[in-house]
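This report refers to the structure that appears directly beneath it.
The values are calculated or read from the model by the stated rules, or taken from the named source; none is laboratory data. All of these numbers come straight from a predicted model, not from anything done at the bench. Methodologically, a virtual Cβ is constructed for each residue, glycine included, from the backbone with ideal geometry; neighbour enumeration extends over all protein chains shown. Note: areas computed on protein heavy atoms with side chains; ligands, DNA, RNA excluded. Shrake-Rupley method; radii C 1.70, N 1.55, O 1.52, S 1.80 Å.
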Amino acid sequence: MKITIFGSGYVGLVTGACLAEVGNDVICVDIDEAKIAKLQQGIIPIFEPGLETMVKENQSEGRLRFTTDIKAAVDHGVFQFIAVGTPPDDDGSADLQYVLAVAKGIAENMDEYRVVVDKSTVPVGTADKVKAVMQQILASRGKDLEFDVVSNPEFLKEGAALDDFMKPDRIVIGTDNPRTAELLKALYAPFNRSVDRVITMDIRSAELTKYAANAMLATKISFMNELANLAEHLGADIEQVRHGIGSDSRIGYSFIYPGCGYGGSCFPKDVKALERTAKEQGYHAELLNAVENVNNRQKHRLFEKINKHYRGNLTGKVFALWGLAFKPNTDDMRDAPSRVVLEALIEAGATVQAFDPEAQEEARRLYGDMPGLGYYDSPKDALKQADALVIVTEWKQFRSPDFDEMSQQLHDKVIFDGRNMYEPDRVKRSGLAYYAIGR
């Protein structure tokens with residue numbers, strides 16, 4: 001099938017590469033000329049395991065192309081995917097200007113039937129707005145052309161996006177037209193061979209499903225962080241509690257890991273957007289508000305522990321910081337807890353020696369030559385001359401350090417672990433003080 005993807009960011013690039021991987025003819029279009037030029041050279045703007053190889057292979061086979069030519073892109077495919085950003089406005093609502101700009105561009109250039117697929121995470125009612133914009137543009141052109149607008153939300157986890165797309169848990173198709181539903185089912189048939197994972201529903205329900213999924217997962221994280229803070233007051237161990245409740249099949253182990261808060265491009269933005277949508281409908285979503293508040297507070301917990309240990313005097317202290325990305329297997333630092341921690345440490349007069357396997361270039365882009373912040377080539381290098389270690393991201397290479405060696409290197413012999421990576425007794429046997437979350 002011939003497919004057009006508007007947007008060559010995270011969702012657009014993964015969607016385009018995976019659809020090309022199964023034999024489709026895909027064009028990704030973007031207004032960012034520099035980004036498209038790099039993609040045409042095989043330079044991938046984001047880190048996602050396996051993505052670079054998949055993009056290059058499909059480029060070489062001619063199944064995946066990149067362009068800034070909107071007219072050529074609209075002419076190319078019956079399926080026109082909208083996979084552009086929906087950043088939060090000042091009031092927390094999703095900014096739809098890029099989505100509606102794409103809808104306008106499609107309507108200005110289409111000459112025959114098109115299926116417009118909302119892949120971006122958008123508020124309930126967005127499909128109606130896309131349809132209205134397109135109808136207005138077509139009317140101004142004097143064109144009476146048929147088109148359909150479909151909600152097809154993505155459920156991609158950064159760090160595992162290719163697997164999520166190629167082997168989906170579910171494929172949600174929101175449409176009011178049975179014929180269009182069949183077209184989408186045919187498109188997704190290669191990803192749906194062993195078990196039927198397609199779920200069809202009305203458009204507004206599909207739009208809400210995406211927000212509901214992310215809000216549920218964010219709620220589980222904030223709930224565990226709330227319990228972790230309570231466990232510290234009660235003298236309980238939240239990791240033992242986690243095992244105790246995770247064994248219940250009704251609860252499960254996914255997303256019940258306590259820590260220093262969630263970040264990334266989805267959960268913070270989507271919880272706020274859903275809360276804002278509720279407010280616009282005259283409904284006060286108390287739980288969503290609490291999820292967001294708990295998470296914002298949790299991002300400060302590590303610094304609070306550090307500050308308390310040093311009795312409020314951090315001037316001149318040097319901290320090795322392991323992990324900048326909001327989660328492993330990505331270079332994404334959007335709303336990352338590391339940013340809260342390192343900014344607080346530097347503001348308090350400390351120096352941060354940071355290491356992350358993938359996110360250091362992104363940190364340099366965000367912070368430039370910020371005084372007090374340095375970047376190191378390995379976890380061990382970051383420990384040199386440091387007083388203490390702060391762990392913010394649970395990369396695999398941090399799982400089994402040499403605690404005895406670490407005890408000799410760290411001047412103050414203390415670890416602040418925001419991801420509960422280690423067993424406290426093992427760390428303490430090496431003469432290290434150990435602060436974790438809820439332990």
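Structure data summary
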read-out	value
Rule-of-thumb Rg ratio for the stretch 239-435 [Cα; 2.2 N^0.38 Å; N residues]	1.09
Using distinct alpha-carbon pairs, which all enter the 1/r mean, Kirkwood radius of the stretch 205-263 in Å	12.3 Å
Share of carbon and sulfur in the accessible heavy-atom surface of the chain [1.4 Å probe, %]	49 percent
Estimated vicinal HN-Hα couplings, Hz - the stretch 120-136 in sequence order (Karplus 6.51, -1.76, 1.60; Gly, Pro = x)	5, 6, 10, x, 4, x, 5, 4, 5, 5, 4, 4, 5, 4, 5, 4, 5
Rg/Rh (Cα only; Kirkwood hydrodynamic radius) as it applies to the stretch 51-162	1.00
Probe 1.4 Å, accessible area per residue of the stretch 8-154, Å²	41 Å²
Distance histogram for the stretch 78-143 (every C-alpha pair counted, 10 angstrom bins, percent rounded to whole numbers)	22, 53, 22, 4
Evaluated at q = 0.11, 0.16, 0.20, 0.26 Å⁻¹: base-10 log I(q)/I(0), Debye formula over Cα of the stretch 1-90	-0.26, -0.55, -0.86, -1.45
Calculated from backbone phi, Karplus (6.51, -1.76, 1.60) coupling profile of the stretch 222-238 in Hz, x at Gly/Pro	5, 4, 5, 5, 5, 5, 4, 5, 5, 4, 4, 6, 8, x, 9, 10, 5
Proximal aspartates and glutamates relative to K413, as straight alpha-carbon distance under 20 Å, when same-chain residues fewer than 8 apart are discounted	E304, D381, D387, D402, D404, E405, E423, D425
Kirkwood-based shape ratio for the stretch 333-432, expressed as Rg/Rh from alpha carbons	0.95
C28 long-range amide H proximity, modeled H, under 5 Å	I5, R65, F66, T67
Alpha-carbon gyration tensor eigenvalues x 5, square-rooted, for the stretch 234-324, Å	29, 22, 13
Cα-based equivalent ellipsoid, the stretch 173-242: semi-axes from gyration tensor eigenvalues, Å	41, 15, 6
Amide proton proximity set for V198, modelled H, under 5 Å, gap of 5+	I171
Diffusion coefficient, µm² s⁻¹, Stokes-Einstein with Kirkwood Rh over alpha-carbon pairs of the stretch 230-273 at 20 °C and 1.002 mPa s	173 µm²/s
The chain, relative contact order [Cα under 8 Å, separation at least 6], %	12 percent
Principal axis box of the stretch 2-201, alpha-carbon based, largest edge first, Å	44, 40, 38
Area accessible to solvent at E21, 1.4 Å probe radius, in Å²	70 Å²
Cα pair distances in the stretch 126-194, grouped into 5 Å bins until the bin that holds the longest one, percent each	3, 14, 19, 18, 16, 13, 9, 6, 2, 0
Average accessible surface area per residue within the stretch 392-439, 1.4 Å rolling probe, Å²	48 Å²
Distance cut-off 36 Å, percentage of C-alpha pairs in the chain lying past it	34 percent
Of A382, S400, S249, farthest towards positive along the dipole that unit charges on Lys, Arg, Asp, Glu beta carbons give the stretch 239-435	S249
Whole-Hz ³J(HN,Hα) from phi, Karplus 6.51 cos²θ - 1.76 cosθ + 1.60, for the stretch 293-304, glycine and proline x	5, 4, 5, 4, 5, 5, 5, 9, 4, 4, 4, 4
Gain upon complete extension [D381, K157; 0.36 nm per residue less C-alpha separation]	77.6 nm
Rounded Å value of the spacing that divides the Cα centres of the stretch 157-177 and the stretch 1-35	15 Å
